1. Within the stretch 180-192, how many residues are buried (at least 23 other Cβ atoms within 10 Å of the Cβ) and under 16 Å from Ile238 (Cα atoms)?
2. Collect the residues in the stretch 14-29 that are under 13 Å from Leu55 (Cα atoms) and touching a helix residue (DSSP H, G or I) at 6+ places or on another chain (Cβ under 6 Å), keeping them in residue-number order.
3. Hey, can you tell me all the residues within the stretch 143-171 that are buried (at least 23 other Cβ atoms within 10 Å of the Cβ) and over 17 Å from Ser114 (Cα atoms)?
4. Check Ala84, Ala107 and return the single one that is under 17 Å from Gly126 (Cα atoms) and either acidic (Asp, Glu) or surrounded by fewer than 17 Cβ atoms within 10 Å (Cβ to Cβ) (or both).
5. What about Ala205, is it surrounded by 16 or more Cβ atoms within 10 Å (Cβ to Cβ), among the small types (Gly, Ala, Ser), assigned by TED's automatic domain parsing to the domain that holds Ala242 and under 25 Å from Pro133 (Cβ atoms)?
6. Enumerate the helices (runs of 4 or more DSSP H) found wholly within the stretch 31-132, keeping only those where 2 or more residues are touching a Cys at 6+ places or on another chain (Cβ under 7 Å).
7. Failed condition for Gly253, given (1) modelled with pLDDT of 95 or more; (2) more than 16 Å from Arg26 (Cβ to Cβ), with all others met?
8. What residue, among those in the stretch 222-247 that are farther than 24 Å from Gly75 by Cβ and touching a residue at least 24 places away in the same chain (Cβ under 8 Å), is surrounded by the fewest Cβ atoms within 10 Å (Cβ to Cβ)?
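The values are calculated or read from the model by the stated rules, or taken from the named source; none is laboratory data. Bear in mind the structure is a predicted one, so any value in this text is a computation, not a measurement. Quick reminder, even Gly has a Cβ in these numbers, built from the backbone with ideal geometry, and neighbours come from all protein chains shown.
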Amino acid sequence: MTTPPGLAAKALCAAADEALIEGSFRTGDFAEAERLFTDARELAARDGDGECAALAVTGLGITAHSRNINLLADGGKLSDDEIAGEESLMRDALAAWEKTGNAAGTARALWGLSLVFQVLRHDWNGGMTYLWPAFGLADAVEESGDLYGASEIHRHVGFYYLYRDLRPAEAVRRLGQSLALRERIGDLRRVPSALVALGHAELAAGDARRAAACAYRAVELARAGGLLEWRLRSAEEILAKADAAVRAGGASGAS
């Protein structure tokens, strides 16, 4: 019995995605994800499976980004070559998805390319050039079954409203949607970072109690899930800020 073309490559992508999530949230090790996505890309190219090849190169781009984010979170610095390498993979992914005509895949690739500018280069204008079209296709991503991809698009639009356009109520909406999508997945590794982001937005919107509730849950889940130290630290930091704001509000009301 022969394996249908594309099936083996898709299985490799699924295994690679699990390795990527584990590396991103718990271990900081991306070697297995990179190896599996590379194997999937080569196998898909051999089989002439354009969509699976696009999926694999997208995975390689996100793996590079996740590795870079972990390095920055640990206090490291990225070289120009590391940023350029990530951008090259993201552009390859976008070109590959555009050839397929797959709207959901194209949206994921647009979002991936936006990360290079928004997150690594701190170039909001450059990042939104790609993120707005991805946002316009977010429903297609959700309908394709990629709830995490849709969550990430809403998340980064939320960051735009939180840190650039300074519309905290809209940031709460977008980051709340991001959290809801992650909760539908049922993978608790992915939930604390969404709670942390929403906590920051709630605090900016003036609701310290809601911010504290988000942050408290984020800390609990991060500890229980054995998440990376910097992820736990980010949850503890927003919890401390939210608790201080709640106490300050109570003191103000008492006076």
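1. 1
2. Looking only at the stretch 14-29, we keep the residues that are under 13 Å from Leu55 (Cα atoms), and these are 14-17.
Once the filter is applied, which keeps residues that are under 13 Å from Leu55 (Cα atoms) and touching a helix residue (DSSP H, G or I) at 6+ places or on another chain (Cβ under 6 Å), the stretch 14-29 yields Ala15, Ala16.
3. Listed by number, the list holds a single entry, Ala171.
4. Numbers: Ala107 fails: either acidic (Asp, Glu) or surrounded by fewer than 17 Cβ atoms within 10 Å (Cβ to Cβ) (or both).
So the residue among Ala84, Ala107 that is under 17 Å from Gly126 (Cα atoms) and either acidic (Asp, Glu) or surrounded by fewer than 17 Cβ atoms within 10 Å (Cβ to Cβ) (or both) is Ala84.
5. Details: surrounded by 16 or more Cβ atoms within 10 Å (Cβ to Cβ): yes; among the small types (Gly, Ala, Ser): yes; assigned by TED's automatic domain parsing to the domain that holds Ala242: yes; under 25 Å from Pro133 (Cβ atoms): no.
For Ala205, the condition - surrounded by 16 or more Cβ atoms within 10 Å (Cβ to Cβ), among the small types (Gly, Ala, Ser), assigned by TED's automatic domain parsing to the domain that holds Ala242 and under 25 Å from Pro133 (Cβ atoms) - is not met.
6. Values: elements: 31-47, 50-73, 80-100, 103-115.
Hits in the stretch 31-132: 31-47, 50-73.
7. (1) is the only condition that Gly253 fails.
8. This residue is Ala224.
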